[in-house]
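A.B. asks: Shown below is the structure under consideration.
Read-outs throughout are calculated quantities, based only on the coordinates presented, and are distinct from any laboratory measurement. It should be emphasised that the depicted structure is a prediction, and the values quoted were computed from it without experimental measurement. Neighbour counts run over all protein chains shown; Cβ positions are idealised from the backbone, glycine included.
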Amino acid sequence: MGAIFKEEMNEQKEKHVYTVSELTKYIRVILEDSFPGIWIEGEISNFVLHSSGHMYFSMRDANAVLKCAMFKRSNEKLKFKLKDGMKVICFGSISVYDARGDYQLIVEEIEPKGIGALQLQFQQLKERLYKEGLFNEDHKVPIPFLPTRIGIVTSPTGAAIRDILNIARRRFSNVEIIINPVKVQGEGAKEEIASAIKQFNELKNIDVMIVTRGGGSLEDLWSFNEEVVARAIYESDIPVISAVGHEIDYTISDFVADFRAPTPSAAAELVIPRKEELVNLIGTAVTRLNNALTGKIGMLAQRLTTLKESYILRQPLNIITQYEQKIDDLRKDIAIRIDHLVKMRSENFNLLISKLEALSPLGILKRGYSITTKVPEGMIIKDSGLLKKGDRVETKLGKGKFTSRVEEIE
Amino acid sequence: MAEMKFEEALKKLEKIVGDLEDGNLPLDESLEKYEEGIRLSNMCAKKLEVAKKKVEILLKSSDGSVELKPFDEKAAEEAKPHEAKKKRSKDEAELL
């Protein structure tokens with residue numbers, strides 16, 4: 001036993017004795033050389049965001065844990081939030097934190113596993129804004145039926161504006177459009193888009209706004225998923241139609257907008273009615289009005305005619321006519337009778353007159369008789385006994401009279 | 001009186017047409033509604049002609065002021081970088 005110990009002591013004299021720092025440094029060098037830049041996957045745990053802006057967390061799998069640090073300069077450009085339990089893939093290098101004797105992964109890049117970083121960002125923002133109520137239906141306003149002026153936030157050289165103008169030309173030749181030109185992808189695009197939306201709201205020179213761009217990749221369309229654009233749309237008093245990309249592309253601006261159109265062309269068709277259709281509608285309405293009124297008047301006239309011709313209405317006239325006739329008859333009758341009566345009376349009269357004439361002493365006189373009256377008394381002498389000789393008498397003849405003295409009485 | 005919107009006027013017009021076609025209104029009312037219907041249809045027809053044919057582009061200057069200029073589609077197309085290059089190389093080819 002002593003011999004073995006002695007051997008070891010001798011060997012020890014030839015080995016280098018490390019200090020802690022030395023060994024740690026050596027370990028660091030070995031590790032940094034071995035793992036200068038690696039991709040590694042795991043699940044996040046113990047995530048801490050320091051006030052310094054540095055992030056510290058662990059990546060773990062079923063059997064092991066790896067400490068990680070992601071410094072501010074690397075994590076600033078992160079578009080999504082890291083959470084415990086999130087499965088991620090990191091790119092970084094191994095280093096050693098001397099003071100604690102910890103080895104750790106200095107993370108430069110981090111991606112969610114199974115889903116793109118952009119997609120995760122999209123999901124997180126969508127959820128956050130949804131919870132805030134930016135997608136609420138009651139906040140949305142209806143699109144005006146016949147807008148006077150249409151504003152379009154888009155690239156002046158893109159396919160979107162071309163499509164929209166083509167449709168405008170076809171459907172409604174006299175439509176007014178104002179384009180607010182913006183970058184629709186790349187650096188600065190989201191600010192330009194948001195500011196263009198705000199500008200239209202300040203100018204208040206349009207009744208409806210289309211925010212649009214043509215198709216592209218998720219990265220190309222990304223500006224329309226940015227929070228600043230979403231808020232600008234939400235705060236717009238002018239109704240906004242979002243038409244970004246193709247039918248299958250959904251962006252956050254689509255959710256916030258008052259209406260989503262699957263494509264720029266669809267947006268144009270939504271906002272710009274077919275003038276021809278409307279003109280026809282009006283024309284048809286006028287025709288129907290005319291027909292309805294003519295019909296109604298015709299119907300009423302018909303009713304009136306029918307009533308006029310009905311026996312019941314003719315009756316009173318009939319009755320009147322009958323009475324009129326009767327009156328005429330009676331008049332005739334009366335006339336005849338009066339006539340008759342008059343004739344009769346006059347005949348009677350004539351008869352009487354002749355009778356009278358016949359009986360008239362004057363008539364008698366005509367026949368030769370005479371009337372003798374005593375003068376001066378004037379009484380008519382019918383009896384000669386009333387006379388004496390010498391009486392004066394007047395004798396009236398048929399023609400003339402004379403006065404004589406009585407000579408002889410018989 | 002605030003001017004009625006086109007859609008409102010059109011809806012009213014359609015209602016009047018319906019009422020008249022039902023034929024149950026007394027004559028006076030029918031005549032009144034007919035007149036209103038014609039008035040509305042004239043209003044609608046006019047509204048269709050209110051807009052002028054105009055496509056403009058908003059230009060912002062550095063001092064923040066805003067100007068509206070007629071939008072020239074063709075000019076915008078030629079302003080595209082790759083289009084400009086094509087034109088230039090064509091010119092260059094002609095020079096040779």
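A.B. asks: Assuming a viscosity of 1.306 mPa s and a temperature of 10 °C, what translational diffusion coefficient in µm² per second does Stokes-Einstein assign to region A:287-398, Rh being the Kirkwood radius over Cα pairs?
C.D. replies: Details: Rh = 22.4 Å.
Result for D is 71 µm²/s.
A.B. asks: Another question about this same structure. Rounded to the nearest 10 degrees, what's the angle between the helix A:20-34 long axis and the longest principal axis of chain A, both from Cα atoms, 0 to 90?
C.D. replies: Taking Cα atoms only, the helix is inclined about 60 degrees.
A.B. asks: Also, quick follow-up: Based on DSSP H runs of at least 4 residues, each adding -39500 (n - 2.57), what is the mean residue ellipticity at 222 nm of chain A after dividing by all its residues, to the nearest 500 deg cm²/dmol?
C.D. replies: Numbers: 13 runs with 192 residues, N = 410.
Taking each H run of at least 4 residues, the total per residue is -15500 deg cm²/dmol.
A.B. asks: Read phi for every residue in region B:8-18 and hand back ³J(HN,Hα) as whole Hz from Karplus 6.51 cos²θ - 1.76 cosθ + 1.60, θ = phi - 60°, with x for Gly and Pro.
C.D. replies: 4, 4, 4, 5, 4, 4, 4, 5, 4, 4, x
A.B. asks: 5 Å is the cut-off here: which amide hydrogens, built 1.01 Å from N in the peptide plane, fall below it relative to A:Phe172, excluding neighbours closer than 5 in sequence?
C.D. replies: Here the answer is A:Lys275, since their amide H atoms fall under 5 Å of that of A:Phe172.
A.B. asks: What is the spin-label model distance, in nm, from A:Lys374 to A:Ser404 if the labels are put 7 Å beyond Cα along the C-beta direction?
C.D. replies: Here the modelled spin labels are 1.9 nm apart.
A.B. asks: Still on this model: Count the DSSP beta bridges whose two residues both fall in the protein assembly as shown, then state the antiparallel fraction as a percent rounded to the nearest 5. Walk me through the numbers on the way to the answer.
C.D. replies: On the way: 42 of 66 bridges.
Bridges in the protein assembly as shown that DSSP calls antiparallel: roughly 65 percent.
A.B. asks: Pull up all non-local amide H partners of A:Val107: gap of 5 or more, or a different chain, and H-to-H distance under 5 Å with H placed in the peptide plane.
C.D. replies: Answer set, sorted by chain and number: A:Ala69, A:Met70, A:Phe71.
A.B. asks: For region A:221-316, with the dipole built from +1 on Lys and Arg beta-carbon atoms and -1 on Asp and Glu ones, taken about the Cα centre, which of A:Ala292, A:Ser253, A:Phe224 lies farthest toward the positive end?
C.D. replies: Selected residue: A:Ala292.
A.B. asks: Additional query: Please compute one quarter of the surface area of the Cα convex hull for region A:2-114 and express it in square nanometres. Could the numbers behind the result be given before it?
C.D. replies: Values: hull surface 40.1 nm².
It is 10.0 nm².
A.B. asks: Working from the pairwise distances between different alpha carbons, so that the mean of 1/r is found and then inverted, what is the protein assembly as shown's Kirkwood radius in Å? Walk me through the numbers on the way to the answer.
C.D. replies: Details: mean 1/r = 0.0281 Å⁻¹.
In the protein assembly as shown this quantity evaluates to 35.6 Å.
A.B. asks: Next question. Can you compute the radius of gyration and Dmax for region A:363-405, using only the Cα atoms, both in Å?
C.D. replies: 10.3, 30
A.B. asks: Neighbour counts of other C-beta atoms within 10 Å: give me B:Lys74, B:Lys46, A:Lys25, A:Lys126 arranged from fewest to most. Spell out each step's value before the answer.
C.D. replies: Working: B:Lys74 7, B:Lys46 11, A:Lys25 14, A:Lys126 18.
Lowest count first: B:Lys74, B:Lys46, A:Lys25, A:Lys126.
A.B. asks: Packing-wise, with mean Cβ within 10 Å as the measure, how do A:398-410, A:90-102 rank, highest first?
C.D. replies: Numbers: A:398-410: 9.8, A:90-102: 15.2.
Most protected by this proxy first, the peptides run A:90-102, A:398-410.
A.B. asks: Highest mean first, what order results for A:65-78, A:320-333, A:150-163 on Cβ atoms within 10 Å?
C.D. replies: Numbers: A:65-78: 15.3, A:320-333: 10.3, A:150-163: 23.5.
Highest mean packing first, the order is A:150-163, A:65-78, A:320-333.
A.B. asks: Tell me, what ³J(HN,Hα) does each residue in region A:273-279 have, in order and in whole Hz, if you take phi through Karplus 6.51 cos²θ - 1.76 cosθ + 1.60 with θ = phi - 60° and put x for Gly and Pro?
C.D. replies: Each residue of region A:273-279 in turn: x, 7, 4, 4, 4, 5, 4 Hz.
A.B. asks: Still on this structure, I have one more. Which distance in Å, rounded to a whole number, links the C-alpha centroids of region A:135-205 and region A:15-39?
C.D. replies: Cα centres, region A:135-205 to region A:15-39: 61 Å.
A.B. asks: Hey, how much of the P(r) for region B:1-69 falls beyond 19 Å, as a percent of Cα pairs?
C.D. replies: Details: 1280 of 2346 pairs.
Result: 55 percent of Cα pairs exceed 19 Å.
A.B. asks: Got a sec? Charge dipole of chain A, +1 on Cβ for Lys and Arg, -1 for Asp and Glu; which of A:Phe349, A:Ala69, A:Val48 is way out at the positive end?
C.D. replies: Going by the Cα projections, it comes out as A:Phe349.
A.B. asks: Normalise the Debye intensity by I(0) for region A:209-348, one equal point scatterer per Cα, no solvent, then take log10 at q = 0.09, 0.22 Å⁻¹ and round to two decimals.
C.D. replies: -0.62, -1.18
A.B. asks: Here's something else I'd like to know. Once amide H atoms are placed 1.01 Å from N in the peptide plane, what residues at a sequence separation of 5 or more from A:Ile210, or on another chain, have their amide H within under 5 Å of its amide H?
C.D. replies: Residues meeting the criterion, in which the H sits 1.01 Å from N, are A:Gly151, A:Ile152, A:Val153, A:Ile241.
A.B. asks: Relative to the longest principal axis of chain A, what angle (0 to 90°, nearest 10) does the C-alpha long axis of helix A:117-132 take?
C.D. replies: 50 degrees
A.B. asks: Return the loop-located GluC sites (Glu not before Pro) in region A:209-299 (DSSP other than H, G, I, E, B) with at most 11 other Cβ atoms within 10 Å of their own Cβ; answer none if there are none. Write down the numbers at each step before the final one.
C.D. replies: Details: sites: A:Glu219, A:Glu226, A:Glu227, A:Glu235, A:Glu247, A:Glu269, A:Glu276, A:Glu277; in loops: A:Glu226, A:Glu247.
Filter output for region A:209-299: A:Glu247.
A.B. asks: Separate question: Give a residue-ordered list of calculated ³J(HN,Hα) values for region A:219-224 (Karplus: 6.51 cos²θ - 1.76 cosθ + 1.60, θ = phi - 60°; whole Hz; x for Gly, Pro).
C.D. replies: 5, 4, 7, 4, 4, 7
A.B. asks: How big is the dipole moment of region A:363-405 about its Cα centre under a simple scheme where the beta carbon of each Lys and Arg is +1, that of each Asp and Glu is -1, and everything else is neutral? Debye, nearest 20, please. Spell out each step's value before the answer.
C.D. replies: On the way: 11 positive and 4 negative charges, 38 e Å.
That gives region A:363-405 a dipole magnitude of about 180 debye.
A.B. asks: Indicate the gyration tensor shape class of region A:50-167 (rounded, prolate or oblate), computed on the Cα atoms with a ≥ b ≥ c the square roots of the eigenvalues: a/c under 1.5 is rounded; otherwise a/b larger than b/c is prolate and the rest oblate.
C.D. replies: Values: a/c = 3.46, a/b = 2.64, b/c = 1.31.
Here region A:50-167 falls in the prolate category.
A.B. asks: Then there is this: From the Cα gyration tensor of region A:121-273, with a ≥ b ≥ c the square roots of its eigenvalues, which class applies: rounded if a/c is under 1.5, or else prolate if a/b is larger than b/c, or else oblate? Intermediate results must be reported in sequence, preceding the final value.
C.D. replies: Numbers: a/c = 1.60, a/b = 1.33, b/c = 1.20.
The shape class here is prolate.
A.B. asks: Run a plain Debye calculation on region A:49-92 (Cα atoms as equal point scatterers, no solvent) and give log10 I(q)/I(0) at q = 0.25 Å⁻¹, rounded to two decimals, same order as the q list.
C.D. replies: -1.04
A.B. asks: Treating only the Cβ of Lys, Arg, Asp and Glu as charged (+1, +1, -1, -1), what charge dipole size does the protein assembly as shown show about its Cα centre? Round to the nearest 20 debye.
C.D. replies: Working: 77 positive and 80 negative charges, 855 e Å.
Roughly 4100 debye for the protein assembly as shown.
A.B. asks: If you don't mind, another one. Looking at region A:123-173, which chymotrypsin sites (Phe, Trp or Tyr not before Pro) are in a loop (DSSP not H, G, I, E or B) and have at most 16 other Cβ atoms within 10 Å?
C.D. replies: Working: sites: A:Tyr130, A:Phe135, A:Phe145, A:Phe172; in loops: A:Phe135, A:Phe145, A:Phe172.
Taking region A:123-173 and a limit of 16 other Cβ atoms within 10 Å, the loop chymotrypsin sites (Phe, Trp or Tyr not before Pro) found are A:Phe145.
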